[in-house]
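S.K.: Next up is a structure, given as structure tokens.
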Amino acid sequence: MRQVPNKKSSYLIIGGGRLATHLGCYFNYCSIPFTQWKRSDDTDLLPLIADRQKILCAISDDSLIEFIEPLKIFFPSKNYIHFSGFVHTDLADGAHPLMTFGPQMLTLDEYKNIPFITEKEKISFSELFPELNNPAFSIPVNEKPLYHAWCSMAGNFTSMIWIALRKQFEIWNLPVYVIKPYLSQIINNALSNTPQVTGPIIRGDSETIKGHKKALENSIYLELYQAFEKVIQKEHMV
């Protein structure tokens, strides 16, 4: 990726994955000077950190603390920023982008509309990134695991179901675009002021439910169907 020429760059993006790549793209759009480093580079990391103030750690959750900890000893005055929705540590500030990142880069407007969730009683998003005007909100640090669990369920789990549905539709020679109006309306309903769960379980259509389970009896998704049945009965049929 082309990097904005280093004119008094205060940002060092560490990482070579999708998040780091998207951050670099966003910074390029905004003409924010930065340098990017990844493990496969031949460049020595320590001099890069020494010359920059904000160290953006766009790496995996499991690697964050063990990566930042020794750097904090050598460079205690640097601002370490990570992007995990789960990890919280005194070693760094967190700013989680509430977005899923694919292989295709986004437009500038799409990047600008990404909400960032920071940690209450720590540095605000506007202080971390004064050049950016994204929507920003904060939550208590101890709530981050629950926050991220819900984000993962709502995003990753539903994506899995839609991908499975698409594969099934391909077996029936149904084009993928027939799913789009249905999916769009589900999203609209979920984001409305009075969201409601619909379908045979909420209506109590017992014969339809039995038929669904029969059709899924040789599928791994039967357990998922039964789990959602229990959740709907407990949360929405009281």
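S.K.: Between residue 150 and residue 120, what FRET efficiency comes out of the Förster formula 1/(1 + (r/R0)^6) with R0 = 22 Å and r the beta carbon distance, rounded to 0.05? Don't skip to the end; give the middle numbers.
M.R.: Details: r = 17 Å, r/R0 = 0.79.
The computed FRET efficiency comes out at 0.80.
S.K.: Turning to a different aspect of this structure: Which ordering of 194, 208, 43 is given by a fewest-first count of other beta-carbon atoms within 10 Å? Write down the numbers at each step before the final one.
M.R.: Working: 194 5, 208 13, 43 10.
Ordered from fewest to most neighbouring Cβ atoms within 10 Å, 194, 208, 43 come out as 194, 43, 208.
S.K.: Determine, for 52, 18, 39, the number of other Cβ atoms within 10 Å of each Cβ, and report the residues in order from fewest to most. Provide the component values of the computation, followed by the final result.
M.R.: On the way: 52 22, 18 14, 39 9.
The most exposed by this proxy come first: 39, 18, 52.
S.K.: Here's a follow-up. Considering only Cα-Cα distances, which of the following residue pairs are longer than 20 Å: 210/230; 112/180; 167/210?
M.R.: Details: 210/230 14 Å; 112/180 25 Å; 167/210 23 Å.
Correct reply: 112/180; 167/210.
S.K.: Tell me, what is the percent relative contact order of the range 11-139, built from C-alpha pairs under 8 Å that lie six or more residues apart? Provide the component values of the computation, followed by the final result.
M.R.: On the way: 196 pairs, mean separation 26.2, N = 129.
It rounds to 20 percent for the range 11-139.
S.K.: Here is a further query. Report the chymotrypsin sites (Phe, Trp or Tyr not before Pro) located in the range 150-238 that are in a DSSP loop and have at most 14 other Cβ atoms inside 10 Å of their Cβ, or state none.
M.R.: Numbers: sites: 150, 157, 162, 169, 172, 177, 182, 221, 225, 228; in loops: 172.
Filter output for the range 150-238: 172.
S.K.: Which lysines, if any, have their Cα less than 27 Å from the Cα of residue 72, not counting same-chain residues under 8 positions apart?
M.R.: 7, 8, 38, 54, 120, 122, 144
S.K.: Over every pair of different alpha-carbon atoms in the range 11-139, take the mean of 1/r and invert it; report that Kirkwood radius in Å. Don't skip to the end; give the middle numbers.
M.R.: On the way: mean 1/r = 0.0669 Å⁻¹.
Computed over Cα pairs of the range 11-139, the Kirkwood hydrodynamic radius comes out at 14.9 Å.
S.K.: Another question, then. Debye sum, Cα scatterers, the range 146-236, no solvent: what log₁₀ I/I(0) at q = 0.16, 0.23 1/Å?
M.R.: -0.87, -1.58
S.K.: Using Cβ counts within 10 Å as a stand-in for footprinting exposure, how do 180, 72 rank, fewest first?
M.R.: Details: 180 10, 72 17.
Ranked by crowding around the Cβ, least crowded first: 180, 72.
S.K.: How high is the relative contact order of the chain, in percent, with contacts defined as C-alpha pairs under 8 Å that are six or more residues apart?
M.R.: Details: 270 pairs, mean separation 27.0, N = 238.
After rounding, I find 11 percent.
S.K.: Can you pull a Stokes-Einstein diffusion coefficient for the chain at 4 °C (1.567 mPa s), Rh from Kirkwood over Cα pairs, as a whole number of µm²/s? List each step's numbers first, then the result.
M.R.: Working: Rh = 20.9 Å.
Estimated diffusion coefficient is 62 µm²/s.
Since every read-out is calculated from the coordinates, none of them should be taken as a lab result. Bear in mind that the values here come from a model prediction, so they are computed numbers and not experimental data. Neighbour counts are summed over all protein chains in view; Cβ atoms, including those assigned to glycine, are modelled from backbone coordinates with ideal geometry.
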